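Read the structure below first, then the notes.
Every number here is computed from the coordinates shown, using simple stated rules; none is lab data. From a predicted model like this one, the values you see are computed outputs, not experimental measurements. Here the Cβ positions follow ideal geometry from the backbone for every residue, glycine too, while neighbour counts run over all protein chains shown.
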Amino acid sequence: MQRQWWQLRTKGFSELSTRASAVACEILDYFVKHPMAADSVEGIARWRLMQRTIENTVTETNSALDWLVRRGFLLRQATVSSGRIFHLNPDKRDAAKRLVRAASRRTARNES
């Protein structure tokens, strides 16, 4: 099994928990790539959170888009300037409406 860089327990990080060593590596990596950077604890936490949120959001969005394309709800078009462009498949509009309504009802029931 291949481990990610942040999972490696190097001698310098051995006294930290796995999670803390991952955070330390992430922060150190940022400062190595941006040697003139300086920030407060709150600032570092803020950019780490934003970066992670963006990465997670892109990953989740990509997965969701792939699912919607595989089921025919969306069509994918490749363009030179923008990469992949997605749009509603007009033939699946009614089915898409039903799916969204069903998901909204399920969310509303779970929240009550």
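For the range 71-112, the relative contact order is 31 percent, taking Cα pairs closer than 8 Å that sit 6 or more residues apart in sequence and dividing their mean separation by the residue count.
Note on K97 and R52: with the Förster distance fixed at 41 Å, the Cβ-Cβ geometry gives a FRET efficiency of about 0.75. Counting pairwise Cα distances across the range 71-112, what percent come out greater than 11 angstrom? Tail of P(r) above 11 Å: 69 percent of Cα pairs. Compared with the direct C-alpha span, the chain from H34 to F86 gains 15.2 nm at full extension, assuming 0.36 nm per residue. Projecting the Cα atoms of I85, A103, L74 onto the charge dipole of the range 71-112 (Cβ charges, centred on the Cα centre) puts A103 farthest toward the positive pole. For the range 35-82, the list of trypsin sites (Lys or Arg not before Pro) that fall in a loop by DSSP and count at most 14 other C-beta atoms within 10 angstrom reads R71.
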